[in-house]
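Below is one structure, written out as structure tokens; comments come after it.
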Amino acid sequence: MENKTAAYFKYAIGEIFLVVVGILIALQINNWNDKIKAEEAKFQILTSIKKEIQANKEHIEAVFPYHNMLRDTLRTLDTETMKTTKTNPLGFWKGHRIFRLRTASFQTAVQSGLMKDFDLELSESLNNLYTSVQFYNDFGQTVSNGIFEINQTTEEGTLHMFNFVKMIMEDVHYAESELLKGFDINLEEIDAEFNFL
């Protein structure tokens with residue numbers, strides 16, 4: 001009887017051991033699968049953010065020369081020249097070209113919680129860049145509103161337009177220069193992050 005009890009006890013312990021080992025193996029496989037899914041999600045969102053940054057960079061590079069021409073031309077003119085010129089002194093003005101930059105991929109990363117999986121330095125750098133992007137977008141809206149409020153049919157309105165555009169082009173040049181630097185830095189950091197995936 002004692003031998004049977006000992007045999008059953010050993011058998012029960014063996015069964016428990018096999019169940020525990022099976023559970024641990026299943027948990028490990030589940031953890032590996034979760035890690036693979038997290039890495040895939042991180043790769044996808046970083047790829048999307050990289051494309052978004054590249055598109056924003058291309059947009060700024062396309063308008064940067066025009067905005068620099070405006071800034072440089074307006075620096076050479078003054079209010080007296082504007083008053084005495086019979087032709088339209090703002091003939092080179094083709095409107096500002098400050099358009100909204102994209103932020104959807106970055107917002108998705110923030111809202112989905114995937115930013116927590118990024119390297120801390122990359123997260124901070126992306127936050128700084130997209131803060132600048134948001135400033136640029138808000139600034140563009142302010143500029144558009146300001147221009148539409150100016151009555152350009154009078155000499156006084158033309159002078160007001162000249163002074164307004166002269167002032168904003170300095171800010172536009174600075175903002176776009178900083179954005180271009182930020183785009184390059186973040187693209188390099190994203191590429192470095194890809195090397196760790």
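Every number here is computed from the coordinates shown, using simple stated rules; none is lab data. Values in this document were obtained by computation on a predicted structure and should not be read as measured data. Virtual Cβ from ideal backbone geometry, glycine too; neighbours counted across all protein chains shown.
Extents of the chain, largest first, come to 120, 30, 19 Å (Cα atoms, principal axes, whole angstrom). Just need the relative contact order of the chain here, percent rounded to a whole number, with Cα pairs under 8 Å and 6+ apart. Result for the chain is 34 percent. Work out the FRET efficiency for residue 23 and residue 171 from their Cβ-Cβ distance, taking R0 = 41 Å, and round it to the nearest 0.05. Step by step, r from the Cβ atoms, then E = 0.10. Counted residue by residue at 0.36 nm each, then reduced by the alpha carbon distance between them, the extension gain from residue 164 to residue 139 reaches 7.7 nm.
Looking at the chain as a GNM with Cα springs under 10 Å, which of 154, 73, 142 has the largest mean-square fluctuation? With Cα springs under 10 Å in the chain, the top fluctuation among 154, 73, 142 is at 154. Between residue 110 and residue 47, full extension at 0.36 nm per residue minus the direct alpha carbon distance yields a gain of 21.2 nm.
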